[in-house]
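This report refers to the structure that appears directly beneath it.
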Amino acid sequence: MSSVQIPAGGKLYNFYDESTVQPILHNKDKMVLAFFSDPQDIDSFYYEQYVKRLAAQYLSVVFIKIDGKSLKNIAKTWKVNEFPTSVLIEKGDPKGTIVGRREGDLLKLLGKKHEQK
């Protein structure tokens, strides 16, 4: 894997290539919320707006958007079969997965231990 700087929290970052996103997913320093979406899916579109709002609040978490249709190998690695799916990753390991537009469940998954703005 190439050396990629892990982005700061505060916004939703879009990634389109495997070589850039893999080091972020497997980093040991920052918690990551991987938002897997399908650009053709209306639920993914609407849920993305919610995820963006959360990204602005949870500054200690890096929020990344992954096109699960284009990056099929990454989706498969993280056992993502439906869109939208959110995977909370800590030290390179999945800590929880939310399938579908389940705002309350995603909020619970992030929990109170993460820094809120």
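Taken across segment 64-71, residues that are at pLDDT below 95 and either surrounded by fewer than 18 Cβ atoms within 10 Å (Cβ to Cβ) or within 15 Å of Gly92 (Cβ to Cβ) (or both) do occur, with at least one present. It is to be established whether one or more residues within segment 49-59 are in contact with a helix residue (DSSP H, G or I) (Cβ under 8 Å, 6 or more places away or on another chain) and small (Gly, Ala, Ser). Scanning segment 49-59 turns up no residue that is in contact with a helix residue (DSSP H, G or I) (Cβ under 8 Å, 6 or more places away or on another chain) and small (Gly, Ala, Ser). The residues on offer are Phe36, Phe45, and the sole one that is closer than 22 Å to Gln5 by Cα and either basic (Lys, Arg) or touching a strand residue (DSSP E or B) at 6+ places or on another chain (Cβ under 9 Å) (or both) is Phe36. Candidates in segment 35-51 are the residues that are of a type outside the set (Ser, Thr, Tyr), surrounded by 15 or more Cβ atoms within 10 Å (Cβ to Cβ) and assigned to a helix (DSSP H, G or I); of these, the one that is farthest from the chain's Cα centre (by Cα) is Glu48. Applying a threshold of 8 Å to beta carbon distances and a minimum spacing of six or more residues, or different chains, the list of pairs starting in segment 93-112 at a residue that is in contact (Cβ under 8 Å) with a residue 24 or more places away in the chain and among the basic types (Lys, Arg) and ending at one that is outside any loop (DSSP other than H, G, I, E, B) and surrounded by fewer than 13 Cβ atoms within 10 Å (Cβ to Cβ) reads Arg101/Tyr46.
Inside segment 18-34, can you point out the residues that are touching a residue at least 24 places away in the same chain (Cβ under 8 Å) and either surrounded by 18 or more Cβ atoms within 10 Å (Cβ to Cβ) or in a loop (DSSP other than H, G, I, E, B) (or both)?
Our first condition is that a residue be touching a residue at least 24 places away in the same chain (Cβ under 8 Å); within segment 18-34, this holds for 18, 21-22, 24-28, 30-34.
Val21, Gln22, Ile24, Leu25, His26, Asn27, Lys28, Lys30, Met31, Val32, Leu33, Ala34 - these are the residues of segment 18-34 that are touching a residue at least 24 places away in the same chain (Cβ under 8 Å) and either surrounded by 18 or more Cβ atoms within 10 Å (Cβ to Cβ) or in a loop (DSSP other than H, G, I, E, B) (or both).
The values are calculated or read from the model by the stated rules, or taken from the named source; none is laboratory data. Here the structure is a predicted model, which is why all the values come from computation and not from measurement. Virtual Cβ from ideal backbone geometry, glycine too; neighbours counted across all protein chains shown.
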